[in-house]
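The values are calculated or read from the model by the stated rules, or taken from the named source; none is laboratory data. This structure is a prediction, so every number in the text was calculated from the model and none was measured. Cβ placement follows ideal geometry from the backbone for every residue including glycine, while neighbour counts extend to all protein chains displayed.
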Amino acid sequence: MGWETLIPVVIVVSASGVLSPGPLTIVTVSSGARYGRLAGPLVSTGHMFVEFPLVLAIASGLTGVLQDKGAQSVIGALGGAALIVFGLLGISQSLKTKSLDAPGFRTGRFKGGPFIAGLLFTGLNPFFITWWLTVGTALIAEALALASVAGVIVMYASHIWMDYVWLTFLGVASERALGLLGSKALRYMELLLSSALVAMGAFLFLRVI
């Protein structure tokens, strides 16, 4: 897999996670309503302070493992299977969520500030850790194979900008009380991306087999 393939894959896979309602979505909406338009960038930065070291830690442990073809196959199979599972979970969530504007959705207020919220809601989120240890590990492996540590940095840059753009957008939207989180467009987008995730995971899994 070359850069012309890996970067679009990273963007699609990342979008499926970034746009899915979760802890960071909730804390960004509530922080945006309270702290204003800077909430999104601050939450994103707190998120990055946890995420980037985790990515580097995974990458450092994979350097030697990547020399083994069997290990590469296992990583690819796990990554493909995880993509399918997370895609199906995203589809299920998008179908079950009737409205993100339900009473109580915006009542939470984290008093430590958006940056600290980004740290905590990332580090204490088991779904986030699992994602990087499965789906993310497959992406890191591909990036390492292409350009070692520099490849991992390029891969991560292709991922993290989406967090900043989306969370900043949510913070501004929340500040202006637009209620975009309850829009049908968000549900349809999540459904489409999750379906693409399942298809991509099936492709990767079958390629390894």
Of the residues 79, 61, which single one is surrounded by 21 or more Cβ atoms within 10 Å (Cβ to Cβ), assigned to a helix (DSSP H, G or I) and modelled with pLDDT of 70 or more? 79
Residue pairs meeting the criteria (Cβ under 6 Å; at least 6 apart or on separate chains; first at positive phi, in the stretch 22-51; second at pLDDT below 75 and part of a helix (DSSP H, G or I)): 36/175
Name the single residue that is modelled with the lowest pLDDT among those in the stretch 82-103 being of a type outside the set (Ser, Thr, Tyr) and not in a helix (DSSP H, G or I). 103
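Does the stretch 172-185 contain at least one residue that is in a helix (DSSP H, G or I), under 27 Å from residue 118 (Cβ atoms) and at pLDDT 80 or above?
Yes - at least one qualifying residue is present in the stretch 172-185.
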